[in-house]
Amino acid sequence: MLTAPAHAQHIQMPDAAEIQLGLEKLNVLGSVLYVAAHPDDENTAALAYFSKGRKLRTGYLSLTRGDGGQNLIGSERGAEIGIIRTQELLAARGVDSAEQYFSRAIDFGYSKTPEETLAFWGKEAVLADVVWVIRSFRPDVIVTRFPVERPSGHGHHTSSALLAREAFHAAGDPQRFPEQLDRVETWQAERLFWNGWRLSEAERAEAASVDVGEFDPLLGSSYSEIAAISRSMHKSQGFGAAGRRGTRYEYFKLVEGSLEDKDILSGIDTTWSRVPEGTTLGLKLAEIAERSSMACRLASIPGCGSICSAELAGEIGTVERFRGEASLALYLGMATLDNSSGKSRRSKPPRHVNTRAKAAMMIVVDHHRKLVPQSQRYYERKRAEGKKHNQAIRALGRHLCRVIFKMLSQNRPYRIDP
Ligand SMILES: [Zn+2]
């Protein structure tokens, strides 16, 4: 029950940018395990940054399922709210792409001290679960939400940090929980951090830090914005967070291990060369990600940024399924209608238009004409003929579809035909 990460029931179809990210993630072998006590304790911005920004395998171990929490949206209590919060947590992971783990610990309500908490939980049993998750997940670094030495408002919180610290060592020790070793091997993570808050200036200067406010051009959001969506899944807790952009630092204070510079993964090889004979595979994967690259080829069109090219590549899939440039143009919503209002009895609206692809094309073509003088002249000519902006854009788009069809069928980047 504890080995496999828990998965949300609803599998969402990834878009082209997420597929590209997935391909790039295949080539990063580093991993981070985040540990805290309850659903909603986790720092979703840090999880999104690790998982999507650094492309690390990222996990969240919530020791409990939040059975003792409040319920603002219904009457369920105890185990029932635990079930609801489990699902909320899985929905949050569906957004930030981290994996979700639990232990057997019950959220029995508020606890003043870690001593009380650990006595109630049965310390050795829950410690065994944490060790088990570490030995199965094999994280390079472990991060706790809460500190060991400072008060963090709840005995469960401090206990999660204490257990993580003890498990950091125990997981690598064959004498501890040897009954697990016929199914998993021992695992020694490199470092343990506390994802610190209210740190002094001096502590901040020492700590590893990351900017979770960084904007991801492929995904079109900052990690804090992704985190806001993920965090808003905790509906029973009444959480709703507004997305933020702009620099926002998170600090990681070293608890165990050593740190050469200010990066949590400094000195850790996250490439395939850490796997025997893995280097060749790494190179192949890099090639695939680069060539996923119908998107890359499309991105060579002036005005076709990474988001639109990924979107178009995802929607086009393969150029072979189009009979010719006209059917591609129809699909991309760029088939010219001579009576372009679309309401005229003589012009039937095209069927089989992919609306997502069409939306991307409208953006691409508009950017494109501003960058390529001959396209701009063509656009102006159409406007002079009395076409409305969108009609002139679609007329130019029809031309661009011809270019795209050639590029994709000849497997070459954009060039301006003489
Ligand atoms: Zn909590």
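Each reported figure results from applying straightforward, stated rules to the coordinates on display, with no laboratory input. Since the structure is predicted, the reported quantities are computational estimates derived from the model, not experimental observations. As a convention, Cβ positions derive from the backbone with ideal geometry for all residues, glycine included, and neighbour counts pool all protein chains shown.
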| said: Roughly how far apart, in whole Å, are the Cα centres of segment 371-413 and segment 245-306? | reply: 36 Å
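From the cross-link list K55/K406; K52/K253; K358/K382; K112/K253; K52/K406; K284/K370, which pairs have alpha carbons spaced over 30 Å apart? Write down the numbers at each step before the final one.
On the way: K55/K406 34 Å; K52/K253 22 Å; K358/K382 20 Å; K112/K253 25 Å; K52/K406 33 Å; K284/K370 37 Å.
K55/K406; K52/K406; K284/K370, as the Cα separations exceed 30 Å there.
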| remark: Taking N as the number of residues in segment 293-409, the ratio of its alpha carbon radius of gyration to 2.2 N^0.38 Å works out to 1.01
| query | Which net charge results when you count Lys and Arg as +1 and Asp and Glu as -1 among the other residues whose beta-carbon is under 10 Å from that of I226? | reply | -1
| Using 1/(1 + (r/R0)^6) with R0 = 30 angstrom and r between the beta carbons of R356 and S409, what's the FRET efficiency to the nearest 0.05? | 0.85
| field | Shape category assigned to the chain from the gyration tensor of Cα positions, a/c cut at 1.5 | value | prolate
| Normalised contact order of the chain, rounded percent, pairs of Cα under 8 Å and 6 or more residues apart | 16 percent
| Gaussian network model of the chain, springs between alpha carbon atoms under 10 Å - residue of F405, F102, F50 with greatest fluctuation | F405
| Using θ = phi - 60° and Karplus 6.51 cos²θ - 1.76 cosθ + 1.60, couplings along segment 157-171 (whole Hz; Gly, Pro as x) | 5, 4, 4, 5, 6, 4, 5, 4, 5, 5, 5, 3, 7, 4, 4
| request: Could you work out how far apart the two model spin labels at Y249 and S300 are, taking each label as a point 7 Å from the Cα in the direction of the beta carbon, and quote it in nm? | output: 4.2 nm
| Net charge near G267, counting Lys/Arg +1 and Asp/Glu -1 over other residues with Cβ under 14 Å of its Cβ? | -3
| field | Cα convex hull of segment 281-332 - mean projected area over all directions, nm² | value | 4.2 nm²
| note | For H169 and A241, extending 7 Å from Cα along the Cα-Cβ vector and measuring point to point gives, in nm, a value of 3.3 nm
| task | Restrict the search to segment 16-51; then list the GluC sites (Glu not before Pro) that DSSP places in a loop and that have at most 13 other Cβ atoms within 10 Å of their Cβ. | result | none
| message | Taking the number of other C-beta atoms within 10 Å as the exposure measure, put S31, S224, S409, S292 in order starting with the fewest. | response | S409, S292, S31, S224
| remark: Measuring from its Cα centre, the chain shows a charge dipole (+1 at each Lys and Arg Cβ, -1 at each Asp and Glu Cβ) which, in debye to the nearest 20, is 3280 debye
| field | For segment 30-264, convex hull of alpha carbons as volume per residue, Å³ | value | 123 Å³
| Distance in nm between pseudo-label sites at R402 and I363 (7 Å out along the Cβ direction from Cα) | 2.7 nm
| task | Name the long-range amide H neighbours of Y414: under 5 Å, sequence gap of 5 or more, or other chain; modelled H, no Pro or chain starts. | result | S300, I301
| query | Pulled fully out, how much extra length does the chain show between Q180 and Y110, if you take 0.36 nm times their separation in residues and subtract their Cα-Cα distance? | reply | 22.0 nm
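Work out the FRET efficiency for W187 and S75 from their Cβ-Cβ distance, taking R0 = 41 Å, and round it to the nearest 0.05.
Working: r = 43 Å, r/R0 = 1.04.
Efficiency computed from Cβ-Cβ geometry: 0.45.
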| Which of the listed residues, S97, Y251, V143, is farthest toward the dipole's positive end in segment 30-264, when Lys, Arg count +1 and Asp, Glu count -1 at the beta-carbon? | S97
